[in-house]
1. For the range A:272-286, enumerate the residues that are closer than 12 Å to A:Pro251 by Cα and of a type in the set (S, T, N, Q).
2. Exactly one of (1) open to solvent by less than 50 Å² (accessible area, probe 1.4 Å); (2) within 18 Å of A:Val32 (Cα to Cα) is unmet by A:Pro109. Its number?
3. Please list, ordered by residue number, the helices (runs of 4 or more DSSP H) wholly in the range B:191-262 having 3 or more residues that are under 26 Å from B:Ala143 (Cα atoms).
4. Of everything in the range A:106-164 that's part of a strand (DSSP E or B) and without any contact (Cβ under 8 Å) to a residue 60 or more places away in the chain, which residue is nearest to the other protein chains (Cβ to nearest Cβ)?
5. Out of B:Ser76, B:Ser128, B:Ser139, B:Ser115, report the one residue that is away from every other protein chain (no Cβ under 14 Å) and not charged (D, E, K, R).
6. All but one of (1) over 30 Å from B:Glu451 (Cβ atoms); (2) surrounded by 14 or more Cβ atoms within 10 Å (Cβ to Cβ) hold for B:Thr295, so report the exception by its number.
7. Only residues in the range B:192-214 that are within 15 Å of A:Asn247 (Cβ to Cβ) and at the interface with chain A (Cβ under 9 Å from one of its Cβ atoms) count as the first member; pair them with residues that are basic (Lys, Arg) and open to solvent by 20 Å² or more (accessible area, probe 1.4 Å), Cβ under 9 angstrom, at least 6 apart or cross-chain, and list the lot.
8. What helices (runs of 4 or more DSSP H) completely inside the range B:338-456 contain at least 3 residues that are more than 14 Å from chain A (Cβ to nearest Cβ) and within 19 Å of A:Ile130 (Cβ to Cβ)?
Amino acid sequence: MDFLNAIILLLNYIFMPALAYGSQLALGAIFVTLIYGILRFANFATGDMMAFGTMFTILFTWYFQSIGISLGVLPTALLAIPFAIVLTIFYMLLVDKFVFKYYRTNKSPPVQLAMVSIGVMFVTQAIVRIIIGPADRRFYDGERFIIKAGEFKEMTGLNEGLAIKSSQVLTIFVTIVLVSTLFWFLNKTKTGKSMRAYSDNEDLALLSGIDPKRVVMITWIIAGILATIGGALYGLDKSFKPFTYFNNMLPIFAAAIVGGIGNPFGAFLGGYVIAFSEIFLTYAYKKFFMYILPASMEPESLVQLLSTDYKFAVSFSILIIVLLYRPNGIFKGKVL
Amino acid sequence: MRKYLNVILAYTIMLGLIIFVGIFQSWNVALSIFNMCLISAVMTMGANIQWGYAGLINFGLMGYAALGGLAAVLISVEPVQEAWVAGGFSILMALWLIIAMIFIVRFILKHFQKSKFRTYGIALIIISGIIIIKVTTQSSIEAIENVNPATTGFLGGLGLPIIFSWIVGAFFAAGLAFIVGKVALGLRADYLAIATLLISEIVIAIIKHEDWLTRGVKNVIGLKRPAPYEVELQTKEWFVNLVARFNSSKLDVISSISDKQAALNQLVIEGSSVFVKLCYSGLFLIVVVILLIFTQKALYSPWGRMMRAIRDNEEAANAMGKNVVKQHLLIFILGSAIVGLAGAMLVTQDGLFTPGSYQPMRYTFLIWVMVIVGGSGNNFGAILGGFVVWFLWIEAAPIALFLINIFTSGLDDAHVLKVHLIESIPYFRYLMMGIGLLLIMRYRPKGILPEKIEIK
């Protein structure tokens, strides 16, 4: 029984949150990796573009709430996301046309594009803060829990409760659907294949008649979808605050590089690698050991490898170790 | 003379703007902008050495600046005796353990062949070392943090004049840069950017959460100053006389003696804070001028030529027998040391150390905007960038307010849109910075004062 309790404890405090957080990171990381693979620069505006999409999701959510539309047990935000996606894609294409296109046609070095993306980061950040303000906002409505901790305890008779938040399940479900569609698109459709070809070897792709404008446009469209959904899911699960989104850029980058930048599947797994290691290393295992060890051996301290303050530092350290030993990432990405 | 015309013109306009602020807002504001401009200029010079001279991209400026600030605390704060008694010994022991660990790892790296076994061995040593340190120091760290937590709760510093911390801060930053450089300099440019950014976040995380060393988010306030204190100045006779002489024309107009005394008192209070700021300006100016002389000398020296050669074509420079890796590391350390110096200067000026205030937006990206806007590779450009961008950063709010009032002049004062826009004025500075950066990068990619290399 104690053993079961221990497992439920880990499931509740490590597995579920890490899975949800990992999915959110994974979406962002695929966004980074796609931009890197096809447009060939590190996009420092990632976090803020996600905030941009989330902002519109929230605005539409408020609008729908004000006119009385809701999805019942599901959050209204799900209804708002498609509209937000359209606006985000529009914004991204606009930015691309007026900012990135010039450097792409001039074949500027990637560093210059990264610098330019910092300018875009400043502007996007300003727009988000001017429109919706810097405050912390929660916009989840509908049923909060699928299983509440108390109900679970009653059902199973265990000491530990397992609470499954609907936002977590929603995140995981949406991520699986979205990512599998994306991989199907990249691997099976003609457009997806042309994108991969363009990413692999630009000149060869151009020779074989692939239209670069189309590839770039589709990349931004996919990026818009990923950014908005990833951002909105993060906001639903936790809360929306522009500053947090900017900071999330860092673990997202870490995830993309750990997985091998330019490789969408690597980025997807990288998100989970980062999320799980962050939570594994900063969780206090005292209760866990209390369950599995005999009473005489119970630990006195918290049995926490690192304090939770170092959550971010964990993912960055992993990134640095990966860069040192496998500069191409765990799953071979582009050569650095 | 004509070659330098644009430099002189740009600097005259910049100084004119600051004087304009002095006349129309107040000299206090103008001088605090000027001081921050000088500090920004030092940081920009550090970044410029790395990016402009050698093409190394360092997005970790924040970490070095914070280390410089930490140096200011560790040098100037009086040591906390009780805390040292409570846990100083085991902290020192942990320090020895870390040093021993480094030597063991170095020994293994030197004397064993590269193999999986060696890698795992090193990992094992590091992990077990960390665990041992954590277990042995935990109780003493708690003891230190419990010593009078409201005011101290940390080990304190050395109690030396804070000016020394400028040098120590530079050394701290150089030490960090050495480690980062060893780890990350082999990476391609944009990876280097990301890696340095993340490393600086780790540094900030440590500074924020190791309360025994830095008091963490509880901040260290009331650091000693290299300049006189306003309150003391106001009681000094020579200072009052000085203020009276400066404002004699104003004071002579006032006839009644009591009014005159009141006016003088007011002037002395204002004057004292201006005087203190002037002292800082003097100190900072000395640093900027010395750095400028050195960096200019370096730029036109054979070493500077070599750096540019490495920047423009690494392979060719390598083929000519230049040690690219070593030079990159050297310049990375030099640039970071200057940023560390600036960080110490900043904390000296503020008189407080607030680890929570170190944000990449303010300490990394803003400095980069300064470098790009000013002109990378040109020291005068870098300094000008620091001035222009900081000036705009501060004056963005009044400018934005002015513009909003013009564009919404047709609207009612209580109109929702107008109220909302006026509430979000602080964020217009981001917009301005972003658009400024994008415009400069598009239409003047070499900055306001572009790099000019003459062959003599």
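The values are calculated or read from the model by the stated rules, or taken from the named source; none is laboratory data. Keep in mind it's a predicted model, so treat the numbers as computed, not measured. With ideal geometry, Cβ positions are generated from the backbone for all residues, glycine too; neighbour counts draw on all protein chains shown. Keep in mind that these areas ignore ligands, DNA and RNA; they rest on the heavy atoms of the full protein, side chains included. Shrake-Rupley method; radii C 1.70, N 1.55, O 1.52, S 1.80 Å.
1. A:Ser277
2. With (1) open to solvent by less than 50 Å² (accessible area, probe 1.4 Å); (2) within 18 Å of A:Val32 (Cα to Cα) applied to A:Pro109, the lone miss is (1).
3. Working: elements: B:211-214, B:230-235, B:237-246, B:248-253.
Fully inside the range B:191-262 and qualifying: B:211-214.
4. Initially, the range A:106-164 is screened for residues part of a strand (DSSP E or B), giving A:137, A:145-147, A:164.
Checking the rest, the ones that are also without any contact (Cβ under 8 Å) to a residue 60 or more places away in the chain come to A:145-147.
Details: A:Phe145: 32, A:Ile146: 34, A:Ile147: 34 Å.
Step by step, filter the range A:106-164, then rank; the result is A:Phe145.
5. Details: B:Ser128 fails: away from every other protein chain (no Cβ under 14 Å); B:Ser139 fails: away from every other protein chain (no Cβ under 14 Å); B:Ser115 fails: away from every other protein chain (no Cβ under 14 Å).
Residue meeting the stated conditions: B:Ser76.
6. (1)
7. These pairs meet every condition: B:Ala205/A:Lys311.
8. Numbers: elements: B:366-374, B:379-407, B:416-423, B:428-443.
Those helices (runs of 4 or more DSSP H) span B:379-407.
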